[in-house]
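Comments concern the structure below.
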Amino acid sequence: MIDRACISINNRCNLNCTYCHFHTSEKAEYLAEAEMNVFSILDNIKHHVDKYNIEVFKLGFVGNGEPLLDYEALHEYIEYISDYLSAGRIAAYTITNGTLITDEMLDFFKEHKVNVGFSIDGIPEIHNKLRCNTHSEVMHAIELYHSVNGCYPSMNCTVGRDALKTAEDTISFFEPFNSRITFSRMIGTDGISLDEFRCFLDKAKQKLNVRTGGYDCTMYGGMCGAGINNIFYANGNVYLCGNCVDLPPIAKADTPIDRIKPDIPEFDRNTCFKESQGL
Ligand code: SF4
Ligand code: SF4
């Protein structure tokens with residue numbers, strides 16, 4: 001049963017992180033701006049939640065770009081599902097690079113119970129090298145979040161070669177915040193193997209509240225959930241996941257959710273479907 005979805009509300013970003021796989025030349029041709037009616041997707045999700053009496057549907061406004069570049073649209077989408085958010089039937093979140101957020105935005109997200117995560121790759125030396133010298137800007141945004149919410153936000157850190165070399169420092173960086181950290185495995189040219197990543201996660205779990213487990217994505221330390229409970233909307237289509245936008249879509253974006261039935265072969269879910277198929 002599909003009870004999680006991500007919607008990529010745009011395909012653009014104001015940064016150009018060295019490892020960003022969304023904007024590589026291989027994927028760029030798949031990410032041409034295409035019309036996508038997000039309101040009809042939200043209608044489908046609400047209908048699906050009601051029809052199957054889903055307790056909580058997890059909805060991420062995350063995808064191939066920086067969502068806050070299109071904050072006005074995001075604001076409208078959140079208002080459109082506000083009754084489901086306040087009732088707890090939809091748990092929504094977004095993830096930002098932290099360069100555009102304001103206290104007005106944070107107040108709005110708080111009012112509508114939308115979780116906001118920040119991408120930060122640990123210590124300044126590594127973050128600045130990979131993420132366009134934005135460490136101090138992101139830290140400022142994280143403090144702003146703290147002043148609005150009284151706690152630190154969840155954070156997302158991509159783990160590549162540099163983080164492996166300074167694993168202790170990277171892990172220690174997150175300790176004072178006492179918030180949930182999602183580590184993701186860097187893929188591509190400077191990427192690391194799944195074994196290296198799992199070894200890092202084991203270390204991190206000794207000191208931090210680390211998100212892992214379940215059918216989700218091996219990039220975050222879980223098992224591959226492709227084709228089970230999670231779908232990804234972008235470019236007017238539905239894909240298996242955000243990393244699979246260069247594979248054939250599994251449906252058009254306006255398809256009722258219970259008619260989306262991905263047909264993928266059996267594979268070891270401790271591995272990434274895409275990698276396991278050599279795709
Ligand atoms: S902020 Fe995210 S979407 Fe933007 S370039 Fe960096 S990794 Fe890519
Ligand atoms: S196919 Fe790979 S990237 Fe996609 S959900 Fe599975 S593990 Fe994650």
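Derivation of every value follows stated rules applied to the coordinates shown; laboratory data play no part. Everything quoted here is computed from the prediction, not taken from an experiment. Ideal geometry is used to build each Cβ from the backbone, glycine not excepted, and the neighbour counts take in all protein chains shown.
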FRET efficiency for Glu104 and Lys165, using Cβ-Cβ distance with R0 set to 45 Å, rounded to 0.05: 0.70
Loop sites in region 89-123: trypsin sites (Lys or Arg not before Pro), DSSP, at most 16 other Cβ within 10 Å: Lys113
Sparse-neighbour loop sites [trypsin sites (Lys or Arg not before Pro); region 142-211; at most 13 other C-beta within 10 Å; DSSP]: Lys207
Magnitude of the charge dipole, region 4-276, Cβ model with Lys/Arg +1 and Asp/Glu -1, debye to 20: 720 debye
Viscosity 1.567 mPa s, temperature 4 °C, Stokes-Einstein D of the chain from Kirkwood C-alpha radius, µm²/s: 67 µm²/s
Proximal lysines relative to Lys274, as straight alpha-carbon distance under 20 Å, when same-chain residues fewer than 8 apart are discounted: Lys27, Lys261
Within the chain, percent of DSSP bridges classed antiparallel, to nearest 5: 15 percent
Rg/Rg_globular for region 135-279, with Rg_globular taken as 2.2 N^0.38 Å and Rg from C-alpha atoms: 1.19
Net charge of neighbours whose Cβ lies under 11 Å from the Cβ of Asn209, counting Lys and Arg as +1 and Asp and Glu as -1: +3
Partner aspartates and glutamates for Lys252 [C-alpha distance under 19 Å; skip if fewer than 8 residues away on the same chain]: Asp3, Glu29, Glu33, Glu35, Asp43, Asp263
